[in-house]
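The values are calculated or read from the model by the stated rules, or taken from the named source; none is laboratory data. Please read these numbers as outputs of a predicted model, since none were measured by experiment. Don't worry about glycine lacking a Cβ; one is built from the backbone with ideal geometry, like all the others, and counts go over all protein chains shown.
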Amino acid sequence: MINRIDEEGKRYDWQRRTGKRIGQHFGLTDNGLYAREDFELTSNGDLVLEGGFPVLRKELPIPSYGVVYPGDIKYKDLNGDGLVDSYDEGAIGMGTVPEFIYGITLGGGWKGLDINMLIQGGGNADMYFREDAAWEFSQLGKVMRHHLGRYNPDDPSTWANATYPRLHPSENTNNHRKSSYWLYSRNYVRLKNVEIGYNLPKAMLSRVKINGVRFFANGNNLLTWDKMLGWDPESNSEIGSAYPQLRTWNLGVKVTL
Ligand SMILES: [Ca+2]
């Protein structure tokens, strides 16, 4: 936790670093996605347009990052001044650094067989993903599996349950900015290492004057359970640019003369 840090001109407690975690995320707090009901509608249920743009209902705060449409990210107005701007950026989620990391080693044997494994995990942390790691049509122009949950203005069946904002062919100044919407839990459990071995019985080896023969197979990073959009929970990259942990398999024979 940060006990004291030089920070002047912070008007609200949610903006201050003092008293918050090291690595604490700061940004806007999302309030889900805009629904059509957040906008002025005609008696037919169509969006009322002014100058070609939809009109937010008067009781909603006005975001200051460009025109919004149904399916865009809605933010909370923390200070209640009717605008969403930098004063509403505060502590969101947890920090990047896991508050706990653990490892469990398990082992066992039966006759000539043995098995050992290391399970590793971490938690109480959030990763912020942006650009190529999370956003649609970002720098390299690709889309990812999680974009399938998009809000589609042409498909009413997506309106209530969309898990991703309305797609935009380039950067969207309202949606593509740091907010709680882009925080992903960094809690994970990983089967880090497993080794299975088999030692040939001594009785079989005594005739050929060899002390031991061991066959083994081991693997690293075999399974991971996480919510990291496919990015490595052990990596710190916000844009998915880190070299991932390799999944490796090894086979071997060890002969002791
Ligand atoms: Ca505000």
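Restricting the first member to the range 73-87 and to residues that are more than 7 Å from the ligand (Cβ to nearest atom), and the second to residues that are of a type in the set (Ser, Thr, Tyr) and not in a loop (DSSP other than H, G, I, E, B), the beta-carbon pairs closer than 7 Å and six or more apart or on different chains are Ile73/Ser179; Ile73/Tyr181; Tyr75/Ser179. Only residues that are more than 14 Å from the ligand (Cβ to nearest atom) and under 16 Å from Asn175 (Cβ atoms) were counted across the range 57-72, and they come to 7.
When the range 88-111 is limited to residues that are out of contact with any Gly (no Cβ under 7 Å at 6 or more places or on another chain), part of a strand (DSSP E or B) and in contact (Cβ under 8 Å) with a residue 24 or more places away in the chain, the one that is farthest from the ligand (Cβ to nearest atom) turns out to be Gly103.
Put simply, of Leu148, Leu191 the only residue that is modelled with pLDDT of 95 or more, assigned to a helix (DSSP H, G or I) and among the aliphatic types (A, V, I, L, M) is Leu148.
Assessment of the range 103-121 against the conditions (assigned by TED's automatic domain parsing to the domain that holds Asn250, of a type in the set (Asp, Glu) and more than 30 Å from Trp14 (Cβ to Cβ)) yields at least one matching residue.
Taking the residues in the range 23-46 that are out of contact with any Lys or Arg (no Cβ under 6 Å at 6 or more places or on another chain) and among the aromatic types (Phe, Trp, Tyr) as candidates, determine which candidate is surrounded by the fewest Cβ atoms within 10 Å (Cβ to Cβ). Filtering the range 23-46 for residues that are out of contact with any Lys or Arg (no Cβ under 6 Å at 6 or more places or on another chain) and among the aromatic types (Phe, Trp, Tyr), the one surrounded by the fewest Cβ atoms within 10 Å (Cβ to Cβ) comes out as Phe26. Within the range 34-54, the set of residues being touching a strand residue (DSSP E or B) at 6+ places or on another chain (Cβ under 6 Å) and not aromatic (Phe, Trp, Tyr) comprises Leu47, Pro54. Filtering the range 211-257 to residues that are in a strand (DSSP E or B), closer than 27 Å to Gly122 by Cβ and of a type outside the set (A, V, I, L, M) leaves Asn218, Gly219, Asn220, Asn221, Thr224, Trp225, Thr248, Trp249, Asn250.
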